[in-house]
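Encoded as structure tokens, the structure appears first; notes follow it.
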Amino acid sequence: MKALSPDLQAHLDEGTTTLAWCWRILRADGVTFGFTDHDLTLRFDGTDFEPESGLTASEVRSGSDLSVDAQDAEGVLTSDRISETDILDGRWDNAEVEVWRVNWADTAQRVLMRRGAIGQIRRGRLAFVAEVRSLAHTLSQTVGRTFQATCDADLGDTRCGIDLEDPAYKGTGAVLDVLRDRTFTASGLGSFTSGWFTFGTVKWTSGANAGRRAEVIAHDVADGIGVLTLLEAPVRSIAESDGFTIRAGCDKRMETCGMKFSNTANFRGFPHIPGQDAVLRYATKDGGHEGAVL
């Protein structure tokens with residue numbers, strides 16, 4: 001149940017209202033945006049709510065169970081602060097959202113209708129529909145460990161213990177030549193062996209992708225020059241001289257943990273857990289019951 005201020009309640013009791021929807025969005029990069037379906041800029045709590053931004057609210061869908069309540073914010077890409085490139089780049093994914101009902105004649109009269117996060121964004125040539133999910137969506141996320149043969153820790157986290165700031169696991173470089181949309185040669189990596197950065201991460205320090213991260217799917221060395229292939233092509237094109245910081249990768253196998261990182265004591269997998277072929281095994285008098293592949 002919403003608690004309304006006496007002034008807002010009195011305004012609603014008048015019968016004729018001057019109400020507008022306002023959305024405040026906080027992206028993961030710390031940038032705050034305000035939008036409203038009113039035709040003038042509204043201001044409160046230090047945020048300017050941009051008018052006629054193309055956002056219109058759908059009905060609010062909610063229930064008394066633990067299902068995820070949702071509301072759609074639908075509109076046209078008219079705001080200069082919303083770009084299709086940013087949407088494709090994931091900058092709006094899971095952004096925090098506040099949905100307000102505001103008296104545009106007196107913004108002190110307002111009520112917070114819901115909090116949530118940006119969910120699915122459906123794009124067209126000129127329009128988008130952004131789903132605003134309620135906080136209940138966090139209850140559907142898987143929590144806990146996964147029992148598997150490979151390690152379930154993230155390389156460099158507290159469970160793993162590897163210091164990725166160590167020069168042995170970290171390099172800096174710049175793009176020399178773009179071979180394909182996600183493959184390029186790079187300077188500064190000549191001292192690292194081929195495959196050292198496979199499954200690692202690149203963080204761009206300059207260029208159109210500055211501040212973004214990407215996963216490395218392949219690392220080769222040819223004539224002392226590093227060749228990197230990313231898992232996915234960046235939304236913004238890679239260009240010559242773009243700078244980056246790169247960190248080593250791990251394929252999550254126990255052998256790699258020991259040989260590459262000397263970190264077997266912190267291995268978080270279960271290398272001897274039976275595989276799917278265990279259901280095909282049968283008893284024999286010659287043994288073969290120690291868990292090895294038949």
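The values are calculated or read from the model by the stated rules, or taken from the named source; none is laboratory data. None of the values given here were measured: they were computed from a predicted structure. Virtual Cβ from ideal backbone geometry, glycine too; neighbours counted across all protein chains shown.
If we only count strands (runs of 3 or more DSSP E) wholly inside segment 115-192, which ones have 1 or more residues that are modelled with pLDDT of 90 or more and in contact with a Leu (Cβ under 6 Å, 6 or more places away or on another chain)?
Where strands (runs of 3 or more DSSP E) fall fully within segment 115-192 and carry at least 1 residues being modelled with pLDDT of 90 or more and in contact with a Leu (Cβ under 6 Å, 6 or more places away or on another chain), they are 170-180, 183-187.
Name the residue, out of 155, 231, that is of a type outside the set (Phe, Trp, Tyr), exposed (fewer than 14 other Cβ atoms within 10 Å of the Cβ) and within 24 Å of the chain's Cα centre (by Cα).
Within the list 155, 231, the selection yields 231.
Could you tell me whether residue 107 is in contact with a strand residue (DSSP E or B) (Cβ under 8 Å, 6 or more places away or on another chain) and at pLDDT 85 or above?
yes
Tally the residues that are farther than 16 Å from residue 32 by Cβ and either touching a helix residue (DSSP H, G or I) at 6+ places or on another chain (Cβ under 8 Å) or surrounded by fewer than 17 Cβ atoms within 10 Å (Cβ to Cβ) (or both), restricting the search to segment 94-106.
Number of matching residues: 3.
So if I check each of 214, 222, 248, 283, which one is buried (at least 18 other Cβ atoms within 10 Å of the Cβ) and at pLDDT below 95?
Going through 214, 222, 248, 283 in turn, just one is buried (at least 18 other Cβ atoms within 10 Å of the Cβ) and at pLDDT below 95: 214.
Kindly provide the set of residues from segment 1-30 that are loosely packed, with under 12 Cβ neighbours inside 10 Å and assigned to a loop (DSSP other than H, G, I, E, B), ordered by number.
1, 2, 3, 14, 15, 16, 29, 30 - these are the residues of segment 1-30 that are loosely packed, with under 12 Cβ neighbours inside 10 Å and assigned to a loop (DSSP other than H, G, I, E, B).
Any residue in segment 3-26 that is in the same structural domain as residue 46 (by TED's automatic domain parsing) and among the β-branched types (Val, Ile, Thr) sitting within a Cβ distance under 9 Å of a residue that is assigned to a helix (DSSP H, G or I) and modelled with pLDDT of 90 or more? List the pairs, counting only those 6 or more apart or interchain.
17/11; 18/11
With the structure loaded, tell me whether residue 56 is hydroxyl-bearing (Ser, Thr, Tyr) and either at pLDDT 85 or above or more than 26 Å from the chain's Cα centre (by Cα) (or both) or whether it fails that test.
No; evaluated as a whole, the condition is false for this residue.
Residue-by-condition table, conditions (1) over 24 Å from residue 235 (Cα atoms); (2) in contact with a Phe, Trp or Tyr (Cβ under 7 Å, 6 or more places away or on another chain); (3) at pLDDT 80 or above:
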{"site": "3", "(1), (2), (3)": "yes, no, yes"}
{"site": "17", "(1), (2), (3)": "yes, no, yes"}
{"site": "20", "(1), (2), (3)": "yes, yes, yes"}
{"site": "23", "(1), (2), (3)": "yes, yes, yes"}
{"site": "31", "(1), (2), (3)": "no, no, yes"}
{"site": "42", "(1), (2), (3)": "yes, yes, yes"}
{"site": "65", "(1), (2), (3)": "yes, no, no"}
{"site": "81", "(1), (2), (3)": "no, yes, no"}
